[in-house]
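*Asks:* This is the structure I want to talk about, given as structure tokens.
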């Protein structure tokens, strides 16, 4: 049953559950239909697929037993690559398996958002939230893309859903809520923004002061302990350098072609402008209906996420995906506020929501266009040509140092663990130097070095390769083989 925050009328349960189930089915059908699409239409939103192949290469190494941070370079906390490696073990040792894990996390987000909406506002709030989320192009695409934001959002939303349940379940769900938040932080440090909305749900949901602080203490203990143990026990020096220091260093760089954070957020919310309009209408409806507890919760989650994105440096387009769940939930709560509003508050709250609905309907053609075209087929024949070249030049099970990791995935080759993330950010931040490249090549003795980009930007490494390796003719790029 819904929480007493919004004492709405009882409606027949069938309709909301059918809508929620339809949202789940649509989400899964869309993801299955697009499981083999790897291209992104930049005019819809500037999605950069480079992380997909880097994260897949790193996760493949983890799945083969190489240690994170000590051997496998990782700019994210450990749980991301561990979960992707699990997906690759189950569904295939390639990006297909990694995407299986991502789509599963997307399903967790969808269900957790519906449960959270149901606890706060009732079944219809859950149905509206689930439907809006399932048709939003930002959610569909980033539940399909191998990035850290989708899994982080899934676990953070799960934590909030469990925190909302503490009102009726108390400490029994406080510990799982804290553990889910810890897992979200160990996916991506952005998840710390969920601490305040989760705390608000716990504090306002308990009827007694003693029980409130006991539940909150259990939540914080279970949220903080795994994170602290991770940074204390799992390669603490290397993990700090790669996860924290690298980002601190990158924040001070003027990276070429990077949009300002405000422009990234603006373009992201414009991708599903109808959802944004409904979210704004939901905030207005909550205020007009005097649903202050819900309004504060939405402000803490949505507002905290926006502030963090606007202040973070360097902000990349995929980071904004963590807005999806709070946008959809806030929009859903607006419908609930209208239904529960009484007296003179009903009419203005209904008008605000109606305005949001009309704007959403006007934006439907744009939404359908984005859902259809944000993913696009690409010609992968050059990748397959290079993959056949790598396969012919390297024995199975050997290392191949490739800076085009899409080719490594197609050829099913491991890259040297320190080189699984050959990004420009890492190079410009001083974490991918000639000595790093030479050291990794000496240690792992790859059967082939093939560069189409990053390696060629480190001239000293190429000079070393010409001395210690022999050049070979490749279909594209610069290639070297052991002498």
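*Asks:* Ranked highest first by average number of other Cβ atoms within 10 Å, how do 131-139, 372-380 line up?
*Replies:* Averaged packing, sorted descending, gives the order 131-139, 372-380.
*Asks:* Quick check: pseudo-label points 7 Å beyond the Cα along Cα→Cβ at residue 25 and residue 231, how many nm apart are they?
*Replies:* 4.6
*Asks:* Here's another thing I want to ask about it. How high is the relative contact order of the chain, in percent, with contacts defined as C-alpha pairs under 8 Å that are six or more residues apart?
*Replies:* In percent, rounded to a whole number, it is 19.
*Asks:* Given axes a ≥ b ≥ c from the Cα gyration tensor, I'd like to know whether region 72-135 is rounded (a/c under 1.5), prolate (a/b larger than b/c) or oblate.
*Replies:* prolate
*Asks:* Can I ask one more? Tell me, what is a quarter of the convex hull surface for the C-alpha atoms of region 232-337, in nm² with one decimal?
*Replies:* So the mean shadow area of the Cα hull is 8.5 nm².
*Asks:* With just the Cα atoms defining each centre, how far is region 444-483 from region 278-302? Give it in Å.
*Replies:* With region 444-483 and region 278-302 each reduced to a Cα centre, they are spaced 57 Å.
*Asks:* Angle check, please: helix 261-271 long axis (alpha carbons) against the longest principal axis of the chain (alpha carbons), in degrees 0 to 90, nearest 10.
*Replies:* 70
*Asks:* How many nm is it between the label spots at residue 214 and residue 307, if each spot is 7 Å from the Cα in line with the beta carbon?
*Replies:* A separation of 3.2 nm, rounded to one decimal place.
*Asks:* Enter the angle in degrees (range 0 to 90, nearest 10) between the Cα long axis of helix 171-185 and the first principal axis of the Cα atoms of the chain, meaning the one along which they spread out most.
*Replies:* Taking the Cα atoms of the chain, the angle to 171-185 is about 40 degrees.
*Asks:* Multiplying the sequence separation of residue 270 and residue 18 by 0.36 nm and subtracting their Cα-Cα distance, what value in nm do you get?
*Replies:* The span from residue 270 to residue 18 would gain 87.8 nm if fully extended.
*Asks:* Quick one: which of 264-275, 178-189, 462-473, 319-330 comes out on top by average Cβ neighbours within 10 Å, and what's the full order, highest first?
*Replies:* 319-330, 178-189, 264-275, 462-473
*Asks:* Subtracting the Cα-Cα distance from 0.36 nm times the residue separation, let me have the gained length for residue 263 to residue 107 in nm, one decimal.
*Replies:* The residue 263-residue 107 span can extend by a further 53.3 nm.
*Asks:* What is the angle, in °, between the Cα long axis of helix 459-468 and the longest principal axis of the Cα atoms in the chain? Nearest 10 is fine, range 0 to 90.
*Replies:* 40
*Asks:* Once you compute Rg and the Kirkwood Rh from C-alpha atoms, what is the Rg to Rh ratio for region 14-375?
*Replies:* 0.96
*Asks:* At q = 0.13, 0.18, 0.21 Å⁻¹, work out log10 I(q)/I(0) for region 17-174 with the Debye formula, treating every Cα as an identical point scatterer and leaving solvent out; two decimals please.
*Replies:* Log10 I(q)/I(0), no solvent term: -0.66, -1.07, -1.25.
*Asks:* So if R0 is 41 Å, what FRET efficiency would residue 41 and residue 221 give, r being the distance between their Cβ atoms, rounded to the nearest 0.05?
*Replies:* The formula returns an efficiency of 0.35 here.
*Asks:* Classify region 87-168: rounded, prolate or oblate, from the alpha-carbon gyration tensor (a ≥ b ≥ c, eigenvalue square roots; a/c under 1.5 rounded; otherwise prolate if a/b is larger than b/c)?
*Replies:* It is prolate, given that a/c is not under 1.5 and a/b is the larger ratio.
*Asks:* Another question, then. Report P(r) for region 352-416: all Cα-Cα distances, bin width 10 Å, range 0 to the bin holding the largest distance, values in whole percent.
*Replies:* Pairs per bin, as whole percents: 19, 28, 13, 13, 15, 10, 1.
*Asks:* For the peptides 229-235, 34-40, 424-430, 191-197, what is the packing order when you average, over each peptide's residues, the other Cβ atoms within 10 Å and list the highest mean first?
*Replies:* In descending order of packing, they fall as 191-197, 424-430, 34-40, 229-235.
*Asks:* List the residues of region 414-444 whose backbone N lies under 13 Å from a point placed 7 Å from the Cα of residue 64 along the Cα-to-Cβ direction.
*Replies:* It comes to 414-420, 444, nothing else.
*Asks:* Sorting 32, 119 on the 10 Å Cβ count, fewest up front, what's the list?
*Replies:* Arranged by neighbour count, lowest to highest, 32, 119 become 32, 119.
*Asks:* How much of the DSSP beta bridge set in the chain is antiparallel, as a percent to the nearest 5?
*Replies:* Of all bridge pairs located within the chain, approximately 65 percent are antiparallel.
*Asks:* What Kirkwood radius, in Å to one decimal, follows from the Cα pairs of region 396-483?
*Replies:* One decimal place: 12.8 Å for the Kirkwood radius.
*Asks:* So, one more: Go ahead and estimate [θ] at 222 nm for the chain from helices alone: -39,500 (n - 2.57) per DSSP H run with n ≥ 4, summed, over the residue count, rounded to 500.
*Replies:* Taken over the chain, the calculation gives -20000 deg cm²/dmol.
*Asks:* OK, next. What nm value, rounded to one decimal, do you get for the distance between residue 50 and residue 355 when each label is placed 7 Å out toward the C-beta?
*Replies:* About 4.2 nm separates the two model spin labels.
Read the figures in this text as sums done on the coordinates, not as results from a lab. All values reported here derive from a predicted model rather than from experimental measurement. Note that each Cβ is placed from the backbone with ideal geometry, even for glycine, and that neighbours are counted across all protein chains shown.
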